[in-house]
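Enquirer: The structure is given below, and queries will be raised subsequently.
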Amino acid sequence: MASNVREGSTIETEKRNVIHDVTSTMKEVDRQLVLRLTKNPLESVKLTEQQWIYGLLGLASAFVGYLVWSLLIASSINEIINGMFGFGGLGGSSVSTTGAIMGRLILIGLVSTFAILAAIYLIGWWRSGAKPQPKAFIARVGGAYYIGAIGFLLATLVTFLSGSFGFLVLMITLLSLLVLGLQAGAEATAVPRQALASYLILSVASYLVLISLLLRLLL
């Protein structure tokens, strides 16, 4: 019994230490560096292992932008369904439908993020022959993703004016993030020039295979 109490106390202490470390790190975030990374995403390749928080914030900011876009899409799909089947007066049904669509879009976003990071990390490791430092990898790849927040928000705003142009902005954003992630990943994993072509091809192929398998299992 005493052993369980000590273990519980140790876990709580570790949790508090982690929260304290993250809070302290967030207070030290350089907003000017964030701005530079937004303007020039590939400046992220200069980030060090100690600057991993910038990579985490970059991934988080892009995902928040994606969530805003997802909410718009979920609401739009819900309105179409209500219009087709006459559920306009059922408020509860409307909310639940939007929530269900939103939930799937969030899952797709999370799976996609995991898949691209895993593909770049593993293929980069293989083609370079050296295991990347996880924190440096997150800093350099994630640090290139701040621009994604702007892209998703822009796609959301443009969609209000034109669905087709909004979709175009979305595709530009997604492809840009893929290219930036691949380039930053090549630098983060130190892929040699002679292996760069195979790294790019295999990373994209692995990403597509991985996301297809994961979504088939989860959706």
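Since every read-out is calculated from the coordinates, none of them should be taken as a lab result. Since the structure is predicted, the reported quantities are computational estimates derived from the model, not experimental observations. All Cβ positions, even for glycine, are placed from backbone atoms using ideal geometry, and neighbour counts span all protein chains on display.
Enquirer: Rank by packing, highest mean first: peptides 129-135, 119-125, 28-34, with packing defined as the count of other Cβ atoms within 10 Å averaged across residues.
Expert: 119-125, 129-135, 28-34
Enquirer: Any chance you could run the full-extension gain for L196 through A100? It's 0.36 nm times the residue separation minus the Cα-Cα distance, nm to one decimal.
Expert: 30.5 nm
Enquirer: Can you compute 3J(HN,Hα) from phi for each residue in segment 75-82, using the Karplus curve 6.51 cos²θ - 1.76 cosθ + 1.60 with θ = phi - 60°, rounded to whole Hz and x for Gly and Pro?
Expert: Per-residue couplings from phi come out as 5, 5, 5, 4, 5, 5, 5, 4 Hz.
Enquirer: Next question, about the same structure. Using the Karplus curve 6.51 cos²θ - 1.76 cosθ + 1.60 with θ = phi - 60°, work out ³J(HN,Hα) for each residue of segment 98-108 in order, rounded to whole Hz, and write x for Gly and Pro.
Expert: Listing the rounded values in order: 4, x, 5, 5, 4, x, 5, 5, 5, 4, 4 Hz.
Enquirer: Oh, and also: If you plug each phi of segment 141-158 into the Karplus form 6.51 cos²θ - 1.76 cosθ + 1.60 with θ = phi - 60°, what whole-Hz ³J(HN,Hα) values come out, in order, with x for Gly and Pro?
Expert: Result, ordered by residue: 7, x, x, 8, 9, 4, 4, x, 4, 5, x, 5, 5, 5, 4, 5, 5, 5 Hz.
Enquirer: Which value does Rg/Rh take for segment 96-182 over its C-alpha atoms, Rh per Kirkwood?
Expert: Using only Cα positions, Rg/Rh for segment 96-182 is 1.07.
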